[in-house]
1. State yes or no: is Gly286 open to solvent by less than 40 Å² (accessible area, probe 1.4 Å), among the small types (Gly, Ala, Ser), outside any loop (DSSP other than H, G, I, E, B) and in contact (Cβ under 8 Å) with a residue 60 or more places away in the chain?
2. In the stretch 243-258, which residue that is within 22 Å of Gly154 (Cβ to Cβ) and aliphatic (A, V, I, L, M) is surrounded by the fewest Cβ atoms within 10 Å (Cβ to Cβ)?
3. Please count how many residues of the stretch 179-203 are at pLDDT 95 or above, within 22 Å of the chain's Cα centre (by Cα) and in a loop (DSSP other than H, G, I, E, B).
4. For Thr649, work out the one condition from (1) out of contact with any Ser or Thr (no Cβ under 6 Å at 6 or more places or on another chain); (2) modelled with pLDDT of 95 or more; (3) open to solvent by less than 30 Å² (accessible area, probe 1.4 Å); (4) among the polar types (S, T, N, Q) it doesn't fulfil.
5. In the set Ala426, Ala406, which member is surrounded by fewer than 24 Cβ atoms within 10 Å (Cβ to Cβ), within 29 Å of Gly77 (Cα to Cα) and touching a residue at least 40 places away in the same chain (Cβ under 8 Å)?
6. Assess whether Val654 counts as being at pLDDT 95 or above and either open to solvent by 10 Å² or more (accessible area, probe 1.4 Å) or touching an Asp or Glu at 6+ places or on another chain (Cβ under 7 Å) (or both).
7. Which condition breaks for Trp185 when tested against (1) buried (at least 22 other Cβ atoms within 10 Å of the Cβ); (2) under 20 Å from Arg214 (Cβ atoms); (3) touching a residue at least 24 places away in the same chain (Cβ under 8 Å)?
8. How many of the residues making up the stretch 1-20 are in contact (Cβ under 8 Å) with a residue 40 or more places away in the chain, touching a Lys or Arg at 6+ places or on another chain (Cβ under 9 Å) and assigned to a strand (DSSP E or B)?
Amino acid sequence: MNAVARTVHAACPHDCPDTCAMRVTVEGGRVVRIAGDPEHPGTAGALCTKVSRYAERTYHPERLLHPLRRVGRKGEGRFERISWDEALDTVAARLMAVAARDAQGIVPYSYAGTMGLLQGESMAARLWHRLGASRLERTICSSAGGEALAATYGGKVGMHLRFFARSKLIVVWGSNSVASNLHFWSLAQQAKRDGARLWCIDPRRTETADKCHRHLALRPGTDGALALALMHELIVHGWVDLDYVARHVDGYDALRARALQWPAERAAAVCGVPADDIRELARDYGTTKPAAIRLNYGMQRVAGGGNAVRLVALLPCLVGAWRDAAGGLLLSSSGWFAPHRDDAALQRPDLLAGRQPRAVNMATIGDALLHPGGGGFGPRIEALVVYNSNPVAIAPESPKVAAGFARDDLFTVVVEHFATDTVDHADIVLPATTQLEHLDVHTSYGHTDVLINEPAIAPLGEAKPNTQIFRELAARMGFDEPCFADDDEALLRQALRGVDLRELRGRGWVTLPLPDAPFADGGFPTPSGRARADAPGLGVPDFVPNHECAESAPALAARYPLAMISPPARHFLNSTFVNVRSLRSVEGEPRLEIHPDDATPRGIAGGMRVCVFNDRGRYRCTAEVSTRARPGVVNALGIWWRKFGVDGTNVNEVTSQRLTDLGRAPTFYDCLVEVQAEPAA
């Protein structure tokens, strides 16, 4: 007799703006199909290649299903199976021993392995607050751009995704949307079929650039200069909507004065693009209505990333693009959810009871782990608890990160699905459930729907949800506050405000009630209701050159003349999915795209093994001689796990721990290198 099939509502958990609604079909307790929800407007029944194979992840033969204890050297990945009781007792005892000296010696390290409100920072945050552990500055991806949006608009808000289909000009700025923002791209293609003109701004000739009418391949880190030159053209040609600016923008006169210092020729010299192309883009943007910008986070991973985002975010204010629902800008929509999320109820910062633990920046974890303690730093880090992240692979300047994780006196706990590079350095490994095995709820940074994720199947093996792991750990540590007894259903009720849970669970999503054109008449979420060109404490934004460029560091640029960016490989999502063999086989091996003009004088041919290096480290990979790279820039496609790379390394061997101008974020794309061909074996 065939098992009766049932379908449950789910949400994609990954760090992607699409936040897709899914339908998971289960037969006999096993997932047999995962599909996009055809009734969810943003998903429209379509999932990316990666997530359509999510069942492969849950049922992967290398899935971690039991607690483990290290028996080899750190980094070897040798473990023995232990019971949950032994694992939790060990972790609790070690953490309490550190806390008895100074709880700030404990550092939680997590990010967006899941974007869920429950399995992300709910019960875990309660535990860290109760302990008084170090706070983690979660900056690894988007904090420069997020702080810039807040300075300009008052929050991380923007236009609604669906209206891109009606735009007549779309500027895709710093986004390979074909690979990383599938559902936006379908709307952009619809607009293109209806006559819209598409521009792509990106140092790399991406798959998205191939499908746009025009591509501006600027140098990494020069986006702010380009934005100022566009403003210059808008001003001198009379394309500024002075009525909108007068009523809804503060600080225009100072911004105007700055922009007039940036004619197209000056920006062309900085950006490495023709001045006529800058003028053409400005003319299109100033004279086409409605005009929309889809901005993404790659362009803010440089020294001046925050200033650059502020400048780009002001462009739609200058031309009055916000007057139309199909005009404006979208970088993040996450701020729209702020009135509907009760993070304080979920995370309970009141458990700190007045304590103010130090903050450790996740982008500089390499330096932090190697710090001896004392001075302004505080106590040496003695214990690290990693969940929803893979820092040994993804954090910059990985030689220092790996050295820090290899410390014999560091107690490391990792909550994971697979034996990642970080797991290989753990003392205790705790197996976590995947999205198909637990309850969660999701907001989005690419649309304005709240999504439910119902558990489709029972946890495999001995895996437990993050919430349950931290709930049980709190009990082991003797924390008896009632909040640690809240089950996941209680957490769900606490997480949201003004959202009908019955509707959410019945349909799978709830759309926030927002106006179609949110800033047509101003109403920005700033104290004045006006966008800010001159932000309090920051002044007027300006072009900030890279830390590593000829202007800022001429001697360094002479030794390392190539700029390197490290965008994600198409079939990976940061370091997620690297262990899915079907996806890894498509990517083949770690590759470096290099332009023929740079390859030829270095004796590099396609398929050669090359060494990418600077003062921080060396990284070996395979060269792909291609015009996807612009002259003077190499593209190291990532993020491969170190264990799958040549010599156990990846591209973060050479990236820097220096930070951005706003948001204290990493500068992955602000990196000078040299490339050498390796002699044939």
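1. Considered against the rule, which asks whether it is open to solvent by less than 40 Å² (accessible area, probe 1.4 Å), among the small types (Gly, Ala, Ser), outside any loop (DSSP other than H, G, I, E, B) and in contact (Cβ under 8 Å) with a residue 60 or more places away in the chain, Gly286 comes out as no.
2. Of all residues in the stretch 243-258, those within 22 Å of Gly154 (Cβ to Cβ) come to 243-256, 258.
Adding the requirement that they be aliphatic (A, V, I, L, M) leaves 245-246, 249, 254-255.
Numbers: Val245: 22, Ala246: 9, Val249: 24, Ala254: 13, Leu255: 26.
The qualifying residue surrounded by the fewest Cβ atoms within 10 Å (Cβ to Cβ) is Ala246.
3. The qualifying residues number 2.
4. It fails just one condition, (2).
5. Working: Ala426 fails: surrounded by fewer than 24 Cβ atoms within 10 Å (Cβ to Cβ).
Unique residue meeting the criteria: Ala406.
6. no
7. Only one criterion is unmet by Trp185, namely (3).
8. The total comes to 3.
The values are calculated or read from the model by the stated rules, or taken from the named source; none is laboratory data. Predicted model only: the values in this text are computed from it and were never measured. Because the Cβ atoms are built from the backbone with ideal geometry, glycine has one as well, and the counts that use them run over all protein chains shown. Just so you know, the surface numbers come from the protein's heavy atoms only, side chains and all, with ligands and any DNA or RNA stripped out. Shrake-Rupley method; radii C 1.70, N 1.55, O 1.52, S 1.80 Å.
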